[in-house]
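Worksheet: one structure, shown below.
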Amino acid sequence: MYVEHLSVADFRSWTRADLAFEPGASVLIGANGQGKTNLLEAIGYLATLSSHRVATDAPLIRSGAEQAIVQAAVVADGRQLVLEVAITAGKANRAKLNRSPVPRARDILGGLRSVLFAPEDLAIVRGDPSERRRFLDDVLVQRSPRMAGVRSDYERVLKQRAALLKTAGVARRAGGNGDLRTLDVWDGHLAEHGAQLLRARLELVRDLRPYAQVAYAGLAPSSGALGLHYASSVVEASSVEAGDLPSIPALSEALLAELARVRTQEIERGVTLVGPHRDDLELQLNDLPIRGYASHGEGWSAALSLRLATFELFTAEFSQPVLILDDVFAELDVRRREQLALFAAKAEQVLISAAVLDDVPVGLAGARYEVAGGKVNRVG
């Protein structure tokens, strides 16, 4: 799989940009602030319908513009697909597949699969659990596009259930009882969608684990073994480690039981205390949490291992995804840089950004594009 052409309009800093790519390595060279990362972000957005840099779509639209357009021609198995998304702040995004409108933007998911490694990825290792949940869910929607709908439904239920809990809590503190007649209905919806999301995450962590462990051993052979464990209040870790994943009905029942147990606390606090939105992906080295114990280099190796594991998983299940390396070589020491370069050389297409060409290993120099002054020019 490779991106043959990228076009953006009013996306981030770009009024307009058009780039033609080929299989192999392509390097975008430019000083900080020239917009090279924005172009790679646009490709990643088409693959996941989310940005690796911001949580909402509004910052993706150029200041003063009403919407941003991202379009790419993707070649996979000898067949070309043209994907397009129109991003509008405060409104539902619109999408086209082969220039024909589709009912929902998420209907284009699966047309492009990419794995993007960027400096922001250190937050997966060092940051809050929300960063790790976001990593898992972004991989999920590429692995199984229908999970985008499940995640959207789950987030909608969370929002409406939270509003009900807050209203009931305020009423009880004022001396009333609060109207909770519909809470059981929302519990059922949360358990239904939450069980599907939870099961998909458990499967993903199980399938990523061996690839991540091999990748980490190659990047940091003297640092010990990398561990990936999914932490949930309704699933026993021992059964998951043994490969005995609960069924979706069993997970739904477990969620309902836990919701019933903490209902009083939820009403008092006005928040939903149970569900996949409270879970975490625990990363360990030699059975110790990476957060607080691992060195800076070990943290980078763990973050990179998760991305390389995703690449290998997609390759095994579908075809090689597009590998995107956004300004990361300057962050890595010599050994990790060499290991990443060896891995990237195997990809059908790898798109790289760097401030200077010297940051990019010689074997990945490939086609070069200079990014400066709002223009992109291919050189050499």
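The values are calculated or read from the model by the stated rules, or taken from the named source; none is laboratory data. All figures in this text were calculated on a predicted structure; none of them were measured in a lab. No Cβ is skipped: glycine too gets one built from the backbone with ideal geometry, and neighbour counts run over all protein chains shown. Calculation scope for accessible area: heavy atoms of the full protein, side chains included, ligands and nucleic acids excluded. Shrake-Rupley method; radii C 1.70, N 1.55, O 1.52, S 1.80 Å.
Would you work out which of Ser233, Leu136, Gly373 lies farthest towards the positive end of the dipole of the chain? Charges go on Cβ: Lys and Arg +1, Asp and Glu -1.
Gly373
Quick one: go through region 341-355 and flag any residue whose amide nitrogen is under 18 Å from the point 7 Å out along the Cα-to-Cβ line of Val102.
Answer for this model: none.
Quantify, in whole percent, the carbon and sulfur part of the accessible surface of region 201-316 (1.4 Å probe; protein heavy atoms only).
After summing per-atom areas, the C and S share lands at 51 percent.
Show me 219-228, 42-51 ranked by packing, highest mean number of other Cβ atoms within 10 Å first.
Most protected by this proxy first, the peptides run 42-51, 219-228.
Would any residue of region 362-380 have its amide N under 20 Å from a label point 7 Å out along Cα→Cβ of Ser63? List them or say none.
It comes to 372-375, nothing else.
Karplus couplings for region 370-377 from phi (6.51 cos²θ - 1.76 cosθ + 1.60, θ = phi - 60°), rounded to Hz, Gly and Pro as x?
So the Karplus estimates, Gly and Pro as x, are 8, 10, 6, x, x, 10, 10, 10 Hz.
Under the 0.36 nm per residue contour assumption, what length would be gained going from the current alpha-carbon distance of Glu155 and Ser13 to full extension?
On the way: separation 142, 0.36 × 142 = 51.12 nm, distance 3.02 nm.
Answer, rounded to one decimal: 48.1 nm.
Run the numbers on region 52-98 and let me know its relative contact order in percent, using alpha-carbon pairs under 8 Å that are six or more apart. List each step's numbers first, then the result.
On the way: 67 pairs, mean separation 15.1, N = 47.
Worked out over region 52-98, it gives 32 percent.
Could you work out [θ]222 nm for the chain from helices alone, using -39500 (n - 2.57) per DSSP H run of at least four and dividing by all its residues? Round to the nearest 500 deg cm²/dmol.
For the chain, the value works out to -13500 deg cm²/dmol.
Could you do me a favour and compute the accessible area per residue for region 18-97, 1.4 Å probe, result in Å²?
On the way: 3330 Å² over 80 residues.
Accessible surface, normalised per residue, equals 42 Å².
Report, ordered by chain and residue number, the lysines lying within cross-link reach of Lys375, taken as a straight Cα distance under 21 Å and ignoring same-chain residues fewer than 8 apart.
Within the straight-line limit of under 21 Å, Lys375 reaches these lysines: Lys36.
Let me know the shape class of region 1-125, please: from the alpha-carbon gyration tensor, a ≥ b ≥ c as square roots of the eigenvalues, rounded when a/c is under 1.5, otherwise prolate if a/b is greater than b/c, or oblate.
It comes out rounded by the Cα gyration axes.
Could you pull out the longest piece of the chain with no exposed loop GluC sites (Glu not before Pro) in it, calling a site exposed if DSSP puts it outside H, G, I, E, B and it has at most 16 other Cβ atoms within 10 Å? Walk me through the numbers on the way to the answer.
Working: sites that count: Glu66, Glu236, Glu348.
Here the longest run is 67-235.
Rounded, prolate or oblate, given the Cα gyration tensor of region 239-380, with a/c below 1.5 counting as rounded?
prolate
May I ask you to evaluate 6.51 cos²θ - 1.76 cosθ + 1.60, the Karplus curve with θ = phi - 60°, for each residue of region 298-306 and list the ³J(HN,Hα) values in order in whole Hz, giving x for glycine and proline?
Values, residue by residue: 5, x, 4, 5, 5, 4, 5, 4, 5 Hz.
Mind jotting down the distance between the C-alpha centroids of region 347-380 and region 42-94, whole Å?
The distance from the Cα centre of region 42-94 to that of region 347-380 comes to 22 Å.
Given the options Gly275, Gly218, Gly292, which has the most mean-square fluctuation in a GNM of the chain, springs set between C-alpha atoms less than 10 angstrom apart?
With Cα springs under 10 Å in the chain, the top fluctuation among Gly275, Gly218, Gly292 is at Gly292.
Just tell me which lysines come within less than 25 Å, Cα to Cα, of Lys91; anything on the same chain fewer than 8 places away is out.
Lys159
Cα axis of helix 248-261 to longest principal axis of the chain: angle in degrees, 0 to 90, nearest 10?
Helix 248-261 sits at roughly 50 degrees to that axis.
Between region 2-36 and region 285-300, how far is it from one alpha carbon centroid to the other, in angstrom?
Comparing the Cα centres of region 2-36 and region 285-300, I get a distance of 34 Å.
Nearest 10 degrees, 0 to 90: what angle lies between the long axis of helix 334-344 and the longest principal axis of the chain (Cα atoms)?
90 degrees
Can you tell me the relative contact order of the chain? Whole percent, Cα pairs under 8 Å, sequence separation 6 or more. Intermediate values should be presented prior to the final figure.
On the way: 687 pairs, mean separation 95.2, N = 380.
Across the chain, relative contact order equals 25 percent.
If amide hydrogens are placed 1.01 Å from N in the peptide plane, which non-local residues have theirs closer than 5 Å to the one on Gly110?
Under 5 Å from the amide H of Gly110: no residue qualifies.
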